[in-house]
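Trainee: Structure in structure tokens, see below.
The values are calculated or read from the model by the stated rules, or taken from the named source; none is laboratory data. All values derive from a computational prediction rather than experimental measurement. Heads up, the Cβs are rebuilt from the backbone with ideal geometry, glycines too, and the neighbour counts pull from every protein chain shown.
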Amino acid sequence: MSNPPVPLSDLTAVEPQAVYLRPFTVLAPAGRATARVGAGFVGFNTVEILVRKGGVIERAIAPVAEIQLWSRHQGREIARHIDSLLDRITRPREPFAGVSMDLPRIMGILNITPDSFSDGGNYFAPEAAARRALELVKGGAAFIDIGGESTRPGSDPVAPEEERRRVLPLIKVLHQLKPGAVLSIDTRKAPLMKDACAAGAQVVNDISALTHDPDALATVARLGVPVVLMHCQGDPKTMQDKPTYTHAPTEVFDYLSQRILACEAAGIPRTRIAVDPGIGFGKGLEHNMAILADLALFHGLGCPVLVGVSRKSFIWHLAGIEEPKARMPGSLAAMLWAVGQGVQILRVHDVEETAQALAVWQGAARAEG
């Protein structure tokens with residue numbers, strides 16, 4: 001539950017970990033903002049501060065300097081926490097797997113599955129998958145995310161050997177072709193993470209944030225590759241069975257914060273981590289909309305933010321479009337909203353169309369600057 005904003009002077013805080021910051025982003029950081037998100041393509045002058053008190057979120061909006069002054073009156077620990085959040089929001093993002101985060105980047109989806117919700121069976125044949133990968137790169141993808149296990153709502157797990165059989169030959173072929181994009185392996189299984197990276201994958205993308213397989217943390221640490229940590233309430237089979245949150249954005253933030261700390265303890269530095277709030281994974285429409293509205297909150301984790309909104313069912317609920325492949329306009333609208341909140345990586349099916357939309361968005365942003 002979240003209350004309407006109150007004057008900053010009426011807001012009080014006790015526990016540092018119950019305080020969050022959401023920058024109000026603008027599109028032309030060079031000329032219209034005093035600070036930039038990750039030293040990147042959006043900036044901000046004003047911040048919304050959120051304070052969790054029991055099951056209620058209280059909010060206030062103020063310029064950055066006023067938020068810092070307020071924090072000094074709340075005590076040393078609150079002031080340190082606010083300074084840490086602002087540092088993480090503004091600190092330059094390191095390139096992710098060698099890809100600069102100074103502009104929004106596209107991750108093209110390549111599902112080698114018969115049952116994915118939108119494109120299941122389309123690229124199950126190796127030749128079709130390889131052609132599709134090259135199309136994604138030509139269309140503007142900086143990353144290709146290759147998955148052999150559908151994680152759509154209600155899906156059953158795939159046997160490890162079958163998942164390996166689906167993805168490893170393609171990764172080997174693409175590694176030899178050097179398509180000009182970073183290859184990412186979308187899996188929850190540590191042995192496949194290891195084998196996929198040996199075959200040429202350079203990023204691990206795990207919807208369970210390295211919790212499904214007890215060996216995943218140590219495996220990614222040993223591999224030394226970047227990792228995407230995603231939030232999911234439950235597992236794909238059951239995740240849409242009445243998902244429950246008191247305040248979805250801050251609860252997802254807390255989960256991802258804890259997973260980052262677990263990674264750091266295992267030897268995976270924050271500079272090799274990207275975070276994904278997991279739109280549609282164990283979340284109802286109201287939870288998805290709350291997370292999208294507060295996307296800029298996740299910059300306080302100090303990592304590149306990845307968002308996957310492509311063709312997802314919230315578009316059906318909002319716009320009445322039942323067929324996933326017909327949801328591209330809704331996907332583009334959600335994607336542009338995310339970019340306006342400073343999201344650095346967009347995981348999409350429609351790469352060429354997304355690249356065109358981004359080109360227009362960036363042109364308008366440059367003109368305003």
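Trainee: Can you confirm whether the stretch 135-150 contains a residue that is modelled with pLDDT under 90 and assigned to a loop (DSSP other than H, G, I, E, B)?
Mentor: Narrowing the stretch 135-150 to residues modelled with pLDDT under 90: 150.
So of that shortlist, the ones also assigned to a loop (DSSP other than H, G, I, E, B) come out as 150.
There is at least one residue in the stretch 135-150 that is modelled with pLDDT under 90 and assigned to a loop (DSSP other than H, G, I, E, B).
Trainee: Check off (1) hydrophobic (A, V, I, L, M, F, W, C); (2) in the same structural domain as His175 (by TED's automatic domain parsing); (3) at pLDDT below 90 for Ala33 and give me the number that stays unchecked.
Mentor: Of (1) hydrophobic (A, V, I, L, M, F, W, C); (2) in the same structural domain as His175 (by TED's automatic domain parsing); (3) at pLDDT below 90, only one is false for Ala33: (2).
Trainee: For the stretch 195-214, which residues satisfy the criterion of being part of a loop (DSSP other than H, G, I, E, B) and in contact with a Lys or Arg (Cβ under 9 Å, 6 or more places away or on another chain)?
Mentor: Gly200, Ile207, Ser208, Ala209, Leu210, Thr211, His212, Asp213
Trainee: So, one more: Here are some residues: Ala296, Ala274. Which one is within 18 Å of Pro104 (Cα to Cα) and part of a strand (DSSP E or B)? Even if it seems obvious, please write down each step before you answer.
Mentor: Details: Ala296 fails: part of a strand (DSSP E or B).
Step by step, each of Ala296, Ala274 is checked, and only Ala274 is within 18 Å of Pro104 (Cα to Cα) and part of a strand (DSSP E or B).
Trainee: OK, next. Looking at the stretch 341-356, I want the residues that are over 21 Å from Phe24 (Cβ atoms) and not assigned by TED's automatic domain parsing to the domain that holds Glu48 and have a partner that is acidic (Asp, Glu) and surrounded by fewer than 24 Cβ atoms within 10 Å (Cβ to Cβ) with Cβ atoms under 7 Å, at least 6 apart or on another chain. Which pairs are those?
Mentor: His349/Asp119
Trainee: For the stretch 226-239, enumerate the residues that are surrounded by fewer than 24 Cβ atoms within 10 Å (Cβ to Cβ) and out of contact with any helix residue (DSSP H, G or I) (no Cβ under 9 Å at 6 or more places or on another chain).
Mentor: If the condition is that a residue be surrounded by fewer than 24 Cβ atoms within 10 Å (Cβ to Cβ) and out of contact with any helix residue (DSSP H, G or I) (no Cβ under 9 Å at 6 or more places or on another chain), then Gly234, Asp235, Pro236, Lys237, Thr238, Met239 are the ones that fit.
Trainee: Which ones in the stretch 190-212 are within 19 Å of Ile279 (Cα to Cα) and either surrounded by fewer than 24 Cβ atoms within 10 Å (Cβ to Cβ) or at pLDDT below 95 (or both)? If you could, list the steps in order and put the result at the bottom.
Mentor: Step one: filter the stretch 190-212 for residues within 19 Å of Ile279 (Cα to Cα), giving 204-212.
Correct list: Ser208, Thr211, His212.
Trainee: For the stretch 250-267, does any single residue satisfy the condition of being more than 20 Å from Val343 (Cβ to Cβ), outside any helix (DSSP H, G or I) and outside the structural domain of His81 (by TED's automatic domain parsing)?
Mentor: Restricting attention to the stretch 250-267, the residues satisfying the condition of being more than 20 Å from Val343 (Cβ to Cβ) are 258, 261-267.
Next, only the ones that are outside any helix (DSSP H, G or I) stay: 267.
Filter again for outside the structural domain of His81 (by TED's automatic domain parsing), leaving 267.
Yes, some residue in the stretch 250-267 is more than 20 Å from Val343 (Cβ to Cβ), outside any helix (DSSP H, G or I) and outside the structural domain of His81 (by TED's automatic domain parsing).
Trainee: Name the residue that is farthest from Pro236 (Cα to Cα), counting only residues in the stretch 151-175 that are β-branched (Val, Ile, Thr) and assigned to a helix (DSSP H, G or I).
Mentor: Across the stretch 151-175, the extreme among qualifying residues is Val173.
Trainee: From the residues in the stretch 303-353 that are over 30 Å from Cys263 (Cβ atoms) and of a type in the set (Val, Ile, Thr), which one is surrounded by the most Cβ atoms within 10 Å (Cβ to Cβ)?
Mentor: Ile315
Trainee: Let me ask something else about it. Within the stretch 24-69, how many residues are surrounded by 19 or more Cβ atoms within 10 Å (Cβ to Cβ), out of contact with any strand residue (DSSP E or B) (no Cβ under 6 Å at 6 or more places or on another chain) and of a type in the set (Gly, Ala, Ser)?
Mentor: Of the residues in that region, 3 qualify.
Trainee: Report, by residue number, each residue of the stretch 61-70 that is in contact (Cβ under 8 Å) with a residue 40 or more places away in the chain and assigned to a helix (DSSP H, G or I).
Mentor: Residues of the stretch 61-70 in contact (Cβ under 8 Å) with a residue 40 or more places away in the chain: 61-62, 66-67, 70.
Selection gives Glu66, Ile67, Trp70.
Trainee: Do you know which residues across the stretch 1-57 are closer than 18 Å to Gln68 by Cβ, in contact with a Gly (Cβ under 8 Å, 6 or more places away or on another chain) and of a type in the set (Gly, Ala, Ser)?
Mentor: Answer for the stretch 1-57, where residues must be closer than 18 Å to Gln68 by Cβ, in contact with a Gly (Cβ under 8 Å, 6 or more places away or on another chain) and of a type in the set (Gly, Ala, Ser): Ala33, Ala35.
Trainee: State whether one or more residues within the stretch 157-165 are touching a residue at least 24 places away in the same chain (Cβ under 8 Å), touching a strand residue (DSSP E or B) at 6+ places or on another chain (Cβ under 8 Å), assigned by TED's automatic domain parsing to the domain that holds Arg347 and surrounded by 22 or more Cβ atoms within 10 Å (Cβ to Cβ).
Mentor: no
Trainee: Looking only at residues in the stretch 219-249 that are in a helix (DSSP H, G or I) and more than 22 Å from Arg347 (Cα to Cα), which one is farthest from the chain's Cα centre (by Cα)? It would help to see each step written out before you state the result.
Mentor: Let us first name the residues in the stretch 219-249 that are in a helix (DSSP H, G or I), namely 219-223, 248-249.
Checking the rest, the ones that are also more than 22 Å from Arg347 (Cα to Cα) come to 219, 221-223.
Values: Thr219: 22, Ala221: 20, Arg222: 23, Leu223: 22 Å.
Going through the qualifying residues, I end up with Arg222.
Trainee: Assuming Leu110 fulfils every condition listed in (1) modelled with pLDDT under 95; (2) aliphatic (A, V, I, L, M); (3) assigned to a strand (DSSP E or B); (4) surrounded by fewer than 18 Cβ atoms within 10 Å (Cβ to Cβ) apart from one, which condition is it?
Mentor: The failed condition is (4).
Trainee: Considering the stretch 314-362 alone, what residues qualify as being over 14 Å from the mean Cα position of the chain (by Cα), on the phi < 0 side of the Ramachandran plot and in a loop (DSSP other than H, G, I, E, B)?
Mentor: Answer for the stretch 314-362, where residues must be over 14 Å from the mean Cα position of the chain (by Cα), on the phi < 0 side of the Ramachandran plot and in a loop (DSSP other than H, G, I, E, B): Ile321, Glu322, Glu323, Arg327, His349, Asp350.
Trainee: Could you grab me the full set of residues in the stretch 71-95 that are in a loop (DSSP other than H, G, I, E, B) and within 23 Å of the chain's Cα centre (by Cα)?
Mentor: So the first thing to find is which residues in the stretch 71-95 are in a loop (DSSP other than H, G, I, E, B), and the list is 73-75, 91-95.
Listed by number, the residues that qualify are Arg91, Pro92, Arg93, Glu94, Pro95.
Trainee: Just one of Thr219, Thr187 is crowded, with 24+ Cβ neighbours inside 10 Å, polar (S, T, N, Q) and in the same structural domain as Ala274 (by TED's automatic domain parsing); which is it?
Mentor: On the way: Thr219 fails: crowded, with 24+ Cβ neighbours inside 10 Å.
Criteria check complete, one pass: Thr187.
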